[in-house]
Amino acid sequence: MSEEKNTEKLNIRLHVYDEDIMTVLHNREDEQYFRSAAKFISERYGAYAQVYKGRKSDHTIALMTLIEIAFRYERERAKNDTAPYDNILSRLTSEIEDALKE
């Protein structure tokens, strides 16, 4: 008997800055990540709003928040790039295999 995938959808309400947002999850385990993301966005947006409210539009403040989050994501992604290590390991493995053949 094959194991069925859980297709139960979960509706959750997230509070992001000053707005409630409803989202649908297909995987209950992702709920904690959505809640953590909503909290992080609220904190970052709040920090920008505190400095720029009244001087920049809400749209611009949201874009500034998105740029910061995307920047952090890209920086972390670059840190976790394993391609250089994979290339070195492949080259070393080839050299070792060649040396063992001799």
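Computed from the C-alpha gyration tensor, the three semi-axes of the ellipsoid equivalent to segment 1-80 are 31, 18, 8 Å, from longest to shortest. Can you find, among 54, 87, 32, the residue sitting farthest towards the positive end of the charge dipole of segment 26-94, where Lys and Arg contribute +1 and Asp and Glu -1 at Cβ? So the residue we want is 54.
Summing charges over all other residues whose Cβ lies under 15 Å from the Cβ of residue 38, with Lys and Arg as +1 and Asp and Glu as -1, gives -2.
When the helices of the chain are scored as -39500 (n - 2.57) per DSSP H run of n ≥ 4 and the total is divided over every residue, the value at 222 nm lands at -21500 deg cm²/dmol.
Against the chain, whose longest principal axis is taken from its Cα atoms, helix 83-101 shows a tilt of about 10°. The residues of the chain have, on average, 87 Å² of accessible surface per residue, using a 1.4 Å probe with all protein chains present. Neighbours of residue 69, meaning other residues whose beta-carbon lies under 15 angstrom from its beta-carbon, give a summed charge of +1 when Lys and Arg score +1 and Asp and Glu score -1.
DSSP beta bridges fully contained in the chain are about 90 percent antiparallel. Peptide packing: for 20-33, 59-72, 37-50, 82-95, the average count of neighbouring Cβ atoms within 10 Å per residue gives the ranking 37-50, 59-72, 20-33, 82-95, highest mean first.
The values are calculated or read from the model by the stated rules, or taken from the named source; none is laboratory data. It should be emphasised that the depicted structure is a prediction, and the values quoted were computed from it without experimental measurement. Every residue, glycine among them, receives a Cβ derived from its backbone with ideal geometry; neighbour counts consider all protein chains shown. With ligands, DNA and RNA removed, areas are computed over all heavy atoms of the protein, side chains included. Shrake-Rupley method; radii C 1.70, N 1.55, O 1.52, S 1.80 Å.
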